[in-house]
Amino acid sequence: MNIKLVDVWYKYPPSKIALRRVSLEITEKKTIIVGPNASGKTTLLKILSLMYKPWKGAILVGSKSYWELDEKEQLAIRRRLIYVHEKPVFIRGTVLDNILLGFKIRKINLNKHEIIDKALHLLEIFGLEKTANIKPRNLSTGQLQLISIIRALVLEPDVLLLDEPTANLDIEKRKILLRYLEEYVKKNSGRKIVIATHDLLIPLLLEDSYVVVLNDGRIASRGYVDEILGYEYEKLFNVLKKKGT
Amino acid sequence: MFVDSEVVEIIIRSITISGTATFLASLWSIPLSFLLVSRYSKITNLIMGFFNALVGVPTVVVGLFLYMILSRSGPLGFLGMLYTPQAIMLGEAILITPLLVSLLYESFHRTREKYWELALTLGASDRQALKLFLLQSLPEILVVLLLGFSRAIGELGVALLVGGNIKGYTRVMTTAISLEVVKGEFEKALLLGGFLITTVLGISTSIRFLKGRIE
Ligand SMILES: Nc1ncnc2c1ncn2[C@@H]1O[C@H](COP(=O)(O)OP(=O)(O)OP(=O)(O)O)[C@@H](O)[C@H]1O
Ligand SMILES: [Mg+2]
């Protein structure tokens, strides 16, 4: 699945412009979006996940302009991407209810046991198997973050968009998550991940990732990690340092 | 103390009338609040300012206003609704609308975006997203409706002015109490007052219970 933003602007009502003329094609398996607070990372992910409609500009999915499609076509495309919030949201019920929510919404009639097994397996990978029947409000921030990522992973999206996935994770969990994501994109040639983060370990640990640097709603620079690692990466560090991130 | 059949009838009538009024008000207050939250624009604040200002409007003023509209020479006089239970229902529904809209708006404002986005990103259509949002908001909606019911069943101005306190027809707890006091029948007034307080306390207890479940 190929997503391409062409001269995209985004404006929060009534007048806050958050993205300015962003053109970006998600061609790589792993794309990392970095940049200071309020630079527009979350907004960009929400645009890429087809949840927000651009103020100006177009989004091409394959050869089609997404926002000109009819509702049914949009939904079919939208179901192939999942965005995971930086502040996860849960419904009432248990962790398992939450992880299975996507299946319920999509009315997928897979074998119920199979889905639950899959969910439990994912929980186990992240050391959360004991939380399946607990209410989310009784869990820690990091645990919740992982559960919201699992809720997306269990649906096996083509494109997974993660907003600050490691912000509350310890080193161990961070490694497990990144290793899992690395495997996830390898398993199927169509899969891609896009991560917005302040965690500079991510572009370093995820091999061959493509880095997009945002600043004040604009793409300040972009390139593969090792290209950008030199001058641009230093500049990024300086930007981050100056902004006190 | 005596609980005669008239008292029982009055209590049942009060609950029916105020319950229907709350239900009526919810029919327009819930969609309106949702619309105001999801189509945010500059006039939203203006509209909300208007509703907030009207939350504490004196019940007699609403009663008077409705009386003028429903009285024989008023614009809706031909309906013949004055001094009917339906008139009280309509009046109480109007009375509690600003309260419902203000509270629902606040609640929806806090939760709409997050549930909406959660539903969308997991592959929901707009209709499914609305369903998920309403389902998740149900306890809060119930709390607000109970508060509205509380205000409706405890008010006197509307019931008296457009209901007329007709025995066996439009007499409700509050109008009955005021009448019994005027007649000097304090025992009956106290009995009804006791029931009214019990109802209102019962409601606030259920609200506390529901709020505990929302967390
Ligand atoms: N709901 C909103 N309404 C109005 N303005 C918003 C809203 N959400 C974000 N903004 C503004 O848009 C700009 C970009 O915000 P965004 O959340 O995309 O930044 P970010 O790069 O994700 O920041 P962070 O690193 O803190 O998560 C900011 O200036 C922010 O104030
Ligand atoms: Mg962000």
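The values are calculated or read from the model by the stated rules, or taken from the named source; none is laboratory data. Note that the structure is predicted; figures quoted are calculated from it, not measured. We place every Cβ from the backbone using ideal geometry, glycine too, and count neighbours over all the protein chains shown. Protein only, heavy atoms only, side chains kept; ligands, DNA and RNA dropped before computing areas. Shrake-Rupley method; radii C 1.70, N 1.55, O 1.52, S 1.80 Å.
Considering region A:1-80, its Cα convex hull presents a mean projected area of 5.5 nm². Measuring between their Cα centroids, region A:1-15 and region B:23-71 lie 36 Å from each other.
Comparing B:Gly19, B:Gly202, B:Gly163 in a Gaussian network model of chain B, where Cα atoms under 10 Å apart are tied by springs, the biggest mean-square fluctuation is seen for B:Gly202. Solvent exposure of chain A, expressed per residue, is 48 Å² of accessible area, with all protein chains present and a 1.4 angstrom probe. In order along region B:181-197, the phi-based Karplus estimate (6.51 cos²θ - 1.76 cosθ + 1.60, θ = phi - 60°) of 3J(HN,Hα) comes to 5, 4, 6, x, 8, 5, 4, 5, 4, 5, 4, 5, x, x, 5, 4, 5 Hz; Gly and Pro are listed as x.
Output the peptides A:61-72, B:117-128 sorted from most to least packed, where packing is the average of other Cβ atoms within 10 Å over each peptide's residues. Spell out each step's value before the answer.
On the way: A:61-72: 12.0, B:117-128: 20.7.
Going from most to least packed, we get B:117-128, A:61-72.
For the protein assembly as shown, the fraction of 1.4 Å probe accessible surface lying on carbon and sulfur atoms is 59 percent. Once each part is reduced to its C-alpha centroid, what is the distance from region A:104-178 to region B:159-210 in angstrom? Comparing the Cα centres of region A:104-178 and region B:159-210, I get a distance of 54 Å. Over chain A, what is the relative contact order in percent, taking alpha-carbon pairs closer than 8 angstrom and at least six residues apart? Taking the mean separation of contacting Cα pairs over the length of chain A, I get 28 percent. Overall size of region A:87-156 from C-alpha positions, given as principal axis extents largest first: 32, 22, 19 Å. Legend: mean number of C-beta atoms from other chains within 10 angstrom of residue C-beta atoms, peptide A:86-93, equals 4. In units of the rule-of-thumb radius 2.2 N^0.38 Å, the protein assembly as shown shows an alpha carbon radius of gyration of 1.27.
Shielding by partners for peptide B:121-133, expressed as the average number of C-beta atoms from other protein chains within 10 Å of each residue's C-beta, is 6. The largest accessible area among A:His113, B:His109 belongs to the first residue in A:His113, B:His109, and the rest follow in falling order (1.4 Å probe, all chains). For region B:5-214, the relative contact order works out to 29 percent when only alpha carbon pairs closer than 8 Å and six or more residues apart are counted. Here the Gaussian network model covers chain B, with springs between Cα atoms less than 10 Å apart; of B:Ile141, B:Ile17, B:Ile88, B:Ile141 fluctuates the most.
Using only protein heavy atoms and a 1.4 Å probe, how much accessible area in total is buried between B and A, to the nearest 100 Å²?
Values: alone 11800 and 12830 Å², together 22660 Å².
Looking at B and A, the buried total is near 2000 Å².
Once the Cβ-Cβ distance of A:Lys72 and B:Ala53 is raised to the sixth power relative to R0 = 45 Å, the FRET efficiency obtained is 0.55.
What the pair-distance distribution of region B:53-201 shows, using all Cα-Cα distances binned every 5 Å from zero, is 2, 9, 14, 15, 14, 12, 10, 9, 6, 4, 2, 1, 0, 0 percent.
With only Cα atoms counted, region A:1-159 has Rg and Dmax values of 17.4, 49 Å. Per residue, the solvent-accessible area of chain B (1.4 Å probe, heavy atoms of protein chains only, all protein chains present) comes to 50 Å². In terms of distances greater than 32 angstrom between alpha carbons, the cross-link table entries A:Lys56/B:Lys131; A:Lys16/A:Lys173; A:Lys41/B:Lys131; A:Lys4/A:Lys112 yield A:Lys16/A:Lys173; A:Lys4/A:Lys112.
Which percent, to the nearest 5, of DSSP beta bridges fully inside the protein assembly as shown are antiparallel? Intermediate values should be presented prior to the final figure.
Details: 20 of 37 bridges.
That works out to approximately 55 percent antiparallel.
Farthest toward the positive end of the dipole of the protein assembly as shown, out of A:Ser221, B:Ile96, A:Thr94, is the Cα of A:Ser221, where the dipole comes from beta carbon charges about the Cα centre.
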